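To keep things clear, I will list the structure first and then write my remarks on it.
The values are calculated or read from the model by the stated rules, or taken from the named source; none is laboratory data. Since the model is a prediction, treat every value here as computed from it, not as a measurement. FYI the Cβ positions are ideal-geometry reconstructions off the backbone, even for glycines, and counts take in every protein chain you see. The area values use the complete protein model at the heavy-atom level, side chains included, leaving out ligands, DNA and RNA. Shrake-Rupley method; radii C 1.70, N 1.55, O 1.52, S 1.80 Å.
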Amino acid sequence: MASIFSKIIAGELPSYKIAENEEFFAFLDINPNAKGHALVIPKREENKLFDLSQSEYDGLMRFSYQVAKALEKTVPCERIGMSVIGLEVPHVHVHLIPINTMDDMRFVNKVSLTADEFTSLAAAIAANME
Ligand code: 5GP
């Protein structure tokens, strides 16, 4: 069965998209640790990060770098934290999180945003992509 993220890529489920290319897709996490919390995924569904091929892994990191740069320009923060977990959704995803404290990297402190806030945030990050 297709993962929830494959359904997002296919447009069967909605998302606040930031950017995509042939192989990768970036969008806002629906339950963010902090404003701007983004997910970067390969379009090809794979469960675990280190089951990606070396070149797919390199491509994912390269695309994540571009999204992180745009995030940093858009959301005031101390730095962008990065994490890969995958215990909830078995489709590789890189978490990029604008952080100010260590607590922002804990997946227990959440912020809530309105649909309008998600939409304008995704558009602002997208506009800062190079
Ligand atoms: P993990 O698998 O790394 O533990 O976490 C999965 C992440 O995906 C969580 O941060 C969760 O909020 C996010 N997530 C789960 N379902 C959806 C969804 O349908 N849309 C979006 N945008 N994010 C989701």
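List the residues of segment 41-77 whose backbone N lies under 17 Å from a point placed 7 Å from the Cα of Asn109 along the Cα-to-Cβ direction. From segment 41-77, the list is 76-77.
Expected output is a single nm value to one decimal: the length gained when fully extending between Leu87 and Tyr65, i.e. 0.36 nm times separation in residues minus the C-alpha distance. What is it?
Working: separation 22, 0.36 × 22 = 7.92 nm, distance 2.28 nm.
Between Leu87 and Tyr65, full extension yields 5.6 nm more.
For Tyr65, the solvent-accessible surface with a 1.4 Å probe is about 140 Å², rounded to the nearest 10. A cut-off of 5 Å between modelled amide H atoms, ignoring neighbours fewer than 5 places along the same chain, links Phe24 with Lys43. In segment 1-84, inverting the average of 1/r over every pair of distinct C-alpha atoms gives 13.5 Å as the Kirkwood radius. Note on the chain: GNM, Cα springs under 10 Å; of Phe63, Phe25, Phe50, the largest mean-square fluctuation is that of Phe50.
Counting only protein chain heavy atoms and rolling a 1.4 Å probe, the accessible areas of Val75, Val84 rank, largest first, as Val84, Val75.
Suppose a student asked you for the relative contact order of the chain, using Cα pairs under 8 Å spaced at least 6 residues apart; what percent would you report? Spell out each step's value before the answer.
On the way: 221 pairs, mean separation 39.5, N = 130.
After rounding, I find 30 percent.
Surface composition of the chain: carbon plus sulfur atoms hold 52% of the accessible area, using a 1.4 angstrom probe and ignoring ligands, DNA and RNA.
When shorter helices are ignored and each DSSP H run of at least 4 residues is given -39500 (n - 2.57), the per-residue value for the chain at 222 nm works out to -10000 deg cm²/dmol.
Each residue of segment 114-130 was assigned a 3J(HN,Hα) from its phi angle through the Karplus expression (A = 6.51, B = -1.76, C = 1.60, θ = phi - 60°), giving 7, 4, 5, 5, 4, 4, 6, 5, 4, 5, 5, 5, 4, 5, 8, 6, 9 Hz with x at Gly and Pro. Against the chain, whose longest principal axis is taken from its Cα atoms, helix 54-74 shows a tilt of about 20°.
Expressed as cubic angstrom per residue, what is the convex hull volume of the alpha carbon set of segment 32-130? Don't skip to the end; give the middle numbers.
Working: hull volume 10.4 nm³, N = 99.
Per residue, the Cα convex hull of segment 32-130 comes to 105 Å³.
Proximity of backbone amide H atoms, modeled 1.01 Å from N, is registered between Tyr16 and Leu28 at under 5 Å, excluding neighbours fewer than 5 places apart on the same chain.
With R₀ set to 22 Å, the beta-carbon distance separating Ala124 from Asn31 gives a calculated FRET efficiency near 0.65.
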